[in-house]
Amino acid sequence: MASIKEKGDLLYLVATLPMKDGSPGRKQYKIPLHLDASPQGQIKAKRRKVQLERSLEQEKFHWDDWLSPQGLTKNKPVTWRDAIDRLYEYRRYEKGMKQDQWEKKWLPLIT
């Protein structure tokens, strides 16, 4: 099935998946999770691994769900937890905010 790999300080899922272009067959791919290798990142990576394995088992795997950093399509409903996780990942990794800045500036607003 899938496995979690660490490269540098980032986490990836590695699995044999359907071809991206839709052609028949399977190939091993490395999906970037846009998570660091912190304990919190490891927990999120394990959740994403379970999601990936479940979608493969149920034959509901779609590349659209895994190509964006959040792994969500436009029409999919978003829970509050997902929205907070997306905000955290955006602020922390795309904007380069430090953990203590997140905890002082953003966390009080959402808890």
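The values are calculated or read from the model by the stated rules, or taken from the named source; none is laboratory data. Everything numeric here is computed off the predicted structure, so don't read it as measured data. Neighbour counts run over all protein chains shown; Cβ positions are idealised from the backbone, glycine included.
Look at (1) surrounded by 11 or more Cβ atoms within 10 Å (Cβ to Cβ); (2) at pLDDT below 80 and you find that ASN75 fails only one, number (1). Annotation: of all residues in the range 14-57 being hydrophobic (A, V, I, L, M, F, W, C) and either touching an Asp or Glu at 6+ places or on another chain (Cβ under 6 Å) or touching a residue at least 40 places away in the same chain (Cβ under 8 Å) (or both), the one that is surrounded by the most Cβ atoms within 10 Å (Cβ to Cβ) is LEU35. So which residues in the range 98-111 are at pLDDT below 80 and under 19 Å from the mean Cα position of the chain (by Cα)? Matches in the range 98-111: none. Considering the conditions (1) modelled with pLDDT under 90; (2) in contact with a Ser or Thr (Cβ under 6 Å, 6 or more places away or on another chain), GLN28 is excluded by exactly one of them, (1). Screening the range 1-13 for residues that are surrounded by 13 or more Cβ atoms within 10 Å (Cβ to Cβ) and within 20 Å of ARG91 (Cα to Cα) and picking the one that is farthest from the chain's Cα centre (by Cα) gives LEU10.
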